[in-house]
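Report on the following structure.
Any read-out appearing in this document is the output of simple, stated calculations on the displayed coordinates, not a laboratory observation. The shown structure was predicted, so the numbers you read here are calculated from the model rather than taken from an experiment. We place every Cβ from the backbone using ideal geometry, glycine too, and count neighbours over all the protein chains shown.
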Amino acid sequence: MSPVSLPNLGKPVPLVAGLSALGLFVVVLVAVVVSGIEGPLGVDHAWWTVIGQVRTPVGTAFAVAFDTVGGSLVSGIGIPVVVLIVLLLTGRRWDAAYLVAAVVLCAAAVQVTKAILERPRPGDILVSADLGSFPSGHSANAAVLVVVIVCLSNRIWTAVPGAVYLAAMMLSRTYVSAHWLTDVLGGAALGVAVGLLLRRGRFAGGARSRERAGLRGPGDGATAERRRSAGAARETERAGVDAGTELDYRAGPADGRP
């Protein structure tokens with residue numbers, strides 16, 4: 001049984017979804033700035049209170065583990081490098097460029113925003129962290145990696161655990177009080193936006209590269225088969241017209257005149 005692919009929604013979908021995610025990031029950013037970066041929003045304080053009430057030693061241990069997994073060494077460098085090597089070894093240079101561009105651009109956007117806003121983190125943080133709470137770098141990096149890997153694999157089995165991983169990462173960042181709720185929402189939205197918008201830009205160059213190399217990505221086989229069938233039908237039609245023209249020429253006029 002072949003792996004189940006994601007539905008072919010067409011090229012405009014990554015653009016629309018990416019712009020929607022970018023819009024969500026901007027909305028959260030504006031809310032943070034307008035409310036005053038020196039303090040949390042009402043929803044931030046409410047969520048922080050709930051997390052403090054349900055926190056357990058086991059949950060804290062899992063959240064601290066996610067802090068390590070989502071850090072710069074593992075998710076920021078380790079996982080992208082492994083995926084990059086696989087892509088290069090399989091000749092997928094455009095996909096490799098897409099991966100590098102998405103990870104680097106997302107990280108740069110996070111650090112620039114952090115440096116500009118310098119939003120304070122919650123006071124009872126349980127892990128070490130740098131300055132600047134908005135947006136969550138762990139959430140942004142998790143989001144962009146999930147989007148890139150799902151786009152490159154086009155398999156449901158990567159989309160489902162990817163979504164679970166992203167949700168767990170977002171929860172863990174608030175669980176250890178490293179971020180406010182709006183920090184992780186903004187970070188995830190930023191990561192999704194970067195991954196999807198760059199994927200849209202990858203289509204033109206990537207498709208031409210695969211065509212020149214004789215490679216096909218997921219779903220290209222059916223398209224190629226339809227094109228071959230249409231070309232064969234046109235060739236048959238032209239052959240029929242040419243044969244009919246030749247017969248008419250040899251037979252001469254229908255009334256028998258020379």
(Q) I'd like the distance between the alpha-carbon centres of region 144-178 and region 87-101, rounded to an integer number of Å. (A) 20 Å
Q. Hey, got the Cα dimensions of region 115-200 along the principal axes, in Å, largest first?
A. 41, 25, 17
Q. Once amide H atoms are placed 1.01 Å from N in the peptide plane, what residues at a sequence separation of 5 or more from Arg155, or on another chain, have their amide H within under 5 Å of its amide H?
A. Leu6
Q. Exposure proxy check: Trp47, Trp94 ranked by fewest other beta carbons within 10 Å?
A. Trp47, Trp94
Q) For labels at His45 and Glu118 in the simple 7 Å Cα→Cβ model, what's the distance in nm? A) 2.4 nm
**Q.** Shape call, region 45-95: gyration tensor on alpha carbons, a/c limit 1.5
**A.** prolate
